[in-house]
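The values are calculated or read from the model by the stated rules, or taken from the named source; none is laboratory data. The model shown is predicted, which means the values in this text are computed figures rather than measured ones. Cβ: placed from backbone, ideal geometry, glycine included. Neighbour counts: every protein chain shown.
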2 protein chains.
Amino acid sequence: MSYAMLMERVGELNDLLNAQSILTWDARVMMPENGHETRSKQLATLSAVTRDLLVSSDTCRLLEAAEADVNQLEESSAEKAMVRQVREAFDYNEAIPADLIRKRTELSSIGFSIWAKARAESDFSLFAPALEQMVALTREMAEAIGYKEHPYDALLYLYDSQDTVTTLKPLFSRLREGILPLVQAVAEKEPPRFDFLERDYPLDKQRQLSLIMAEKIGYDFARGRMDTTLHPFEVSFTRNDVRITTRYNQNHLPTSLFGTLHEVGHALYEQGVDPAYTRTPFATDLVGLYAVGGVSFGAHECQARLWENFIGRSRRFWDVHFQTVQDVFPEQLADVTAEDFWRAVNRVSPGCLRTNADELTYDFHIMLRTDIEAALIDGSLAVKDLPDAWNAKLKDYLGVEVPNDTAGLLQDFHWSSGHFGNFSNYTTGNVMAAQLLETARRDEALATGLEAGNYDPLRRFMAENIYAHGRRYNRDELLVRATGRTLDPEPYIAYLNAKYADLYGL
Amino acid sequence: MSYAMLMERVGELNDLLNAQSILTWDARVMMPENGHETRSKQLATLSAVTRDLLVSSDTCRLLEAAEADVNQLEESSAEKAMVRQVREAFDYNEAIPADLIRKRTELSSIGFSIWAKARAESDFSLFAPALEQMVALTREMAEAIGYKEHPYDALLYLYDSQDTVTTLKPLFSRLREGILPLVQAVAEKEPPRFDFLERDYPLDKQRQLSLIMAEKIGYDFARGRMDTTLHPFEVSFTRNDVRITTRYNQNHLPTSLFGTLHEVGHALYEQGVDPAYTRTPFATDLVGLYAVGGVSFGAHECQARLWENFIGRSRRFWDVHFQTVQDVFPEQLADVTAEDFWRAVNRVSPGCLRTNADELTYDFHIMLRTDIEAALIDGSLAVKDLPDAWNAKLKDYLGVEVPNDTAGLLQDFHWSSGHFGNFSNYTTGNVMAAQLLETARRDEALATGLEAGNYDPLRRFMAENIYAHGRRYNRDELLVRATGRTLDPEPYIAYLNAKYADLYGL
C-alpha cells in the first residue's frame, strides 16, 4: 500500500518532469519571439515545484513506509530497485541546498549571455569572472553531494553513475594509445573528394530525405514528430511522445542527413522503453530531475552515435542506400558513386571545433574537455590558466593551433550554464556502441540484416538489451548482461582501425 | 512583505496555469497520435498540483498575513483588489471537496466518449445515464460552492460573476421581444445568393488570407502564432504568447475567414492586458483555475463577436476589404461585388445547429440552452424529459423541427465534460459588444477610422476600456466606466434592427 502510494507520487513527478520538457520543446520549436520573457519563469516554477515535491516531508514519509514494505523482497526485484532509486534521488537532491540551486540558476541565466558576448568578441577575459564564480558554486555543489575520491566524481555521477576520474583515466589512456597512430597515419594520405557534399541541396528535398532515412531505421512517427531548429535535439514526454529536430544547411547535405540519424538514435532508445515502466522510477531521471527513459547520458550517446556513425557512416550502409539519396538529388549527385559518397562523409580533418569533428578525432576533443573540467573542479587548474592549458592540449593531441578564443575554449556554452561532467559520455558512448555492435554482429540474422539494409534485427537487439530496460540497470549492468563484461575500449579501437584502414588504405 | 510573498505565490500559480495551457495547446495542435495515452495524466497532475498549492495551509497563512498588510489601504487600491481576489479564489476552491473534483474529472473523461457514441448513433438514451450522474455531481458542486437564490448561479459565476438566473431572465425576455419580429420579417424576404461562398478555395490561399486579415485588425505575431485545428480556439500563456487556430473548409470560405476574425478578437483581448499585471491575480482566473487575462467568458466573447460580426460582417468592412479577398481569389469571385459578398455572409437561415447559426438567430440557441441548464440544475427538468423540452423550445423560438438527437440535444459536447453555465456568455457578449460600440462610435476619429478600414482607434478604445484592465474590474464595472451603465440590451436590439433592415429592406 505504501509502495503503491510512493509509486503514485513518482508518477506525479514523471508528469511534472514531462511537462517541463514540453515547455522546453515548445520554447525551442514553436514559441513566438516575445514568449521568452515569461517562459523562463514558468520553467523555473515547474522545476522548483518538482524538486519540492520530491524532497517534501510527505514524500519522505511515503519513502520510509515503502522501504519497510519491500524489505522482505529479493534484492533483484523490480519493486526493490524502484524504491532504492527513489531513495537515491531523494538523498541526492536533498543534499543540495535550495539556496545553492537558486544561486547557480541565477548565475546560469546571466552566464549564458556573458559567454555569448565573450564568444562574439573572442575574448575569454570577459567570461573568466563569471566562470570563476560558476566553478566555485559547482565545487560547492560537489561537496554538498559528496564523493569518494575526486570532487568531479559527484558531477560525473549525474550523467553516468558508472564513471569516475579513476575509471576514465585508464580508458582515455588506452584510447589515445590506440587511436593517435591512426590520426597520424591518415594525415599522410590523400584526402577524398567531397566537393559534391557542398552543392545546392534545396531544404524541402533535404527534409524529404530526412523523413525517409528516419523511417528506414525505425523511428515511429505515430509517437513522434520531426521539426526544424538551429540546434538539433531529441526530447521525450514518455515513450508515447518522442520528438526530434533537424537542422538544414542548403550547402552541406551531411548536416541534416547525419543529424537526423543521430537524433533518431536517441529517439529509438526512448521509444523502446518498456511500456510497463511508464510513470515509474525506471522511466525518468529522478536524480537529475530530467524526463529521460535512457539510463545515462553515455548510454544515450551510444545509441545516437551507433546509428549516426557505426551504421550511418559504414561502407555497407551507402552501398545499399546511396541510390535513395541519388533519387532525391539526381543532379547534385550525378557524378558521384556510392563509394565516393561513403569516403566523403568519412573524411578526416583535424580542427579546433568539437561539433565539426570527424569520427576519428572527435574523442580527443572530449578527452581534452574532461581533463580540464576535472582539474578546474579539484582546483589544480585556475580559470586564468585555462586558455593556455586548452590550446596546449589541442596542439598536443591533434597538432592543431587554436587561432583565437572563439575557436578555442569559448566554443561550447556548457560551462556558462553550469554544466560540468557530461562531455566524457560522448566517448564512453562510442566505446559502448562498438562493444554492443561486436556482440550483436555474432548473430547471423542480424549480420545478414545489416548487409541487406534491414535494421529491424539490430534495433530489436538494442531494444531487448538496452532500450526496454529504461533506467532499471546501470550502464555496466546492461553491458555485462549484453556482452559479458563492463566497458571495454578494445572493440572500439579495433573498429576504428579496420574502418580507417579500409578508407585510407593504411 | 507578506503581500509580496503572497504575490510571488500568485506568480507561481500563474506559471502553473500557463504550463497547463501550453500542454493543452500542444495536445490539440502538435502532439503525435499516441501521445494522448500519457498526456491526460500529465494534465491531471498539473491541475491537482495547482489547486493544492492554491488551497494549501501555506497559501492560507500568506493570505491572512497579506490581508493584514493591506488592511489600511484604500478599498479601491490595486493591492487590496488583488488580495481580495486571492481570498475569493481560495474560498471558492476550498469549498469544493477534492473528492468531488476527482469524481467529476473521472466522469468527464468517460462522459465525452459516451456522448460521442450516442451522438454517432443519434440516440440520446445512450447518453442519458451519464448525463444524470453529471447533473447530480454538478448540483452537489453548486451546493458546495453556495449561492443566494438559484443553484445555477454558483455555476454561472465561474464564467461571469455578474450573471444570475434573476438578471438573465429579463435580459432574455427583452431580447426575444426585440429580435423575434426581425426573424419573422426576414423569413418572408428573398434570400441573397451565396453560391460563390461554396466554390473551390484552395487551403493555402485561405491561410494567406487569414494571415492578412489577422494582421489588418491588429494581431501581433511577435506574440502569437496561427495553426490549424478542426475546432478553432484561442489560448494564452501570458500576454507575450497568445495563440490562435483556424479551421479551413475548401468549399466554404467563411469558415476560415470569420473563424480567424473571431479568434483574433479573443487574442487582441489577451495581448492587450497591462504588462504590469503579468503573473498577478489580474492576469489569470484563480477562481476557475484557468490561464486567462480577460475578466469573464462573456467579456471575451464580446471581443470575439465584436471583431467577427459587428466589424467583420459590417457593410463598410466589405466595401473596404472585398478587394483584398478578390485579389487572393480572383477567379472564384470574378462575378461577385462587395455588396453581394456582404449580403451572402449575413444570410439568415434558421436551423438546428448552434455553431452554424447566423448572427440573427444565434441568441435563440443560447437562450434555449441556458434555460434548460438552469432547469436541470434546480431539478425542475428531469434528464428523461430533456429531448421534448429541447425540441419544443427550438420549434417555439425559430419554428425549426429537430429531425434527430444528433441535430438536437446531442450537438454540443459541453455537458459530457461537466461544463454548465457558460452558454449565456455568448449572448451577454453580443449585448456588451453593441453597448461598447455604440459609445465608441461617438468618437469622431474612431468612426472615421472604421469608415476607412483603419481599426487602430477602435482597438485602442477597447484596449483602454477593456483589455488593459485584465481581471481587475468585473464586467459591469468595466461597462459603467466605459459607457456609464451596466449591461443594457437596447444598443444590441437597435444594432440588429438597423443591420437587418439594411440587409433585407425591412
**Request:** Would you tally the residues in region A:1-22 being closer than 15 Å to B:GLY35 by Cα, hydrophobic (A, V, I, L, M, F, W, C) and either surrounded by fewer than 24 Cβ atoms within 10 Å (Cβ to Cβ) or touching an Asp or Glu at 6+ places or on another chain (Cβ under 8 Å) (or both)?
**Result:** 1
**Message:** So in region B:1-38, with the set limited to residues that are among the polar types (S, T, N, Q) and closer than 30 Å to B:ALA276 by Cα, which one is nearest to the other protein chains (Cβ to nearest Cβ)?
**Reply:** B:ASN18
**Matching helices (runs of 4 or more DSSP H) fully within region B:93-159 where at least 3 residues are small (Gly, Ala, Ser)** = B:98-120, B:124-145
**Item:** Unique residue being without any contact (Cβ under 8 Å) to a residue 40 or more places away in the chain and more than 28 Å from A:THR45 (Cα to Cα) when the list is A:GLU94, A:GLU106, A:GLU121
**Value:** A:GLU121
**Prompt:** Condition test on B:ILE244, is it of a type in the set (Val, Ile, Thr), touching a helix residue (DSSP H, G or I) at 6+ places or on another chain (Cβ under 7 Å) and more than 14 Å from chain A (Cβ to nearest Cβ)?
**Reply:** no
**Prompt:** Can you tell me which of B:GLN323, B:GLN303 is crowded, with 23+ Cβ neighbours inside 10 Å and either assigned to a helix (DSSP H, G or I) or not polar (S, T, N, Q) (or both)?
**Reply:** B:GLN303
**Asked** Of the residues that make up region B:263-281, is at least one on the phi < 0 side of the Ramachandran plot, within 16 Å of the chain's Cα centre (by Cα), among the aromatic types (Phe, Trp, Tyr) and buried (at least 21 other Cβ atoms within 10 Å of the Cβ)?
**Response** yes
**Message:** Looking at (1) surrounded by 22 or more Cβ atoms within 10 Å (Cβ to Cβ); (2) away from chain A (no Cβ under 13 Å), which one does B:GLU75 not meet, given that it meets all the others?
**Reply:** (1)
**Asked** Looking at region A:203-211, is at least one residue away from chain B (no Cβ under 14 Å) and of a type in the set (Lys, Arg)?
**Response** yes
**Prompt:** Got at least one residue in region A:197-208 being assigned to a helix (DSSP H, G or I), closer than 26 Å to A:LEU487 by Cα and polar (S, T, N, Q)?
**Reply:** no
**Message:** Go through region A:176-219 and report how many residues are crowded, with 18+ Cβ neighbours inside 10 Å and under 22 Å from the mean Cα position of the chain (by Cα).
**Reply:** 7
**Prompt:** How about region B:241-266: which of its residues are polar (S, T, N, Q) and under 20 Å from B:ARG28 (Cα atoms)?
**Reply:** B:THR245, B:THR246, B:ASN249, B:THR255, B:SER256, B:THR260
**Request:** Run down B:GLY449, B:GLY421 and say which single residue is closer than 21 Å to B:THR486 by Cα and at pLDDT 95 or above.
**Result:** B:GLY421
**Request:** Using the structure shown, decide if B:ARG481 is surrounded by fewer than 20 Cβ atoms within 10 Å (Cβ to Cβ), part of a helix (DSSP H, G or I), over 20 Å from the mean Cα position of the chain (by Cα) and among the basic types (Lys, Arg).
**Result:** yes
**Request:** State whether the residues of region B:69-86 include one that is within 27 Å of the chain's Cα centre (by Cα), over 27 Å from A:GLY11 (Cβ atoms), of a type in the set (D, E, K, R) and modelled with pLDDT of 95 or more.
**Result:** yes
**Message:** Give all pairs with beta carbons closer than 6 Å in which a residue from region A:343-364 that is in contact (Cβ under 8 Å) with a residue 24 or more places away in the chain and within 13 Å of A:PHE258 (Cβ to Cβ) meets a residue that is among the charged types (D, E, K, R) and part of a loop (DSSP other than H, G, I, E, B); count only pairs at least 6 apart in sequence or on separate chains.
**Reply:** A:VAL345/A:ARG313; A:ASN346/A:ARG313
**Request:** Give B:LYS41, B:LYS103 a once-over and let me know the one that is within 14 Å of chain A (Cβ to nearest Cβ), of a type outside the set (Gly, Ala, Ser) and within 27 Å of B:HIS231 (Cβ to Cβ).
**Result:** B:LYS41
**Asked** Can you tell me which residues in region B:44-56 are more than 7 Å from chain A (Cβ to nearest Cβ) and among the β-branched types (Val, Ile, Thr)?
**Response** B:THR50, B:VAL55
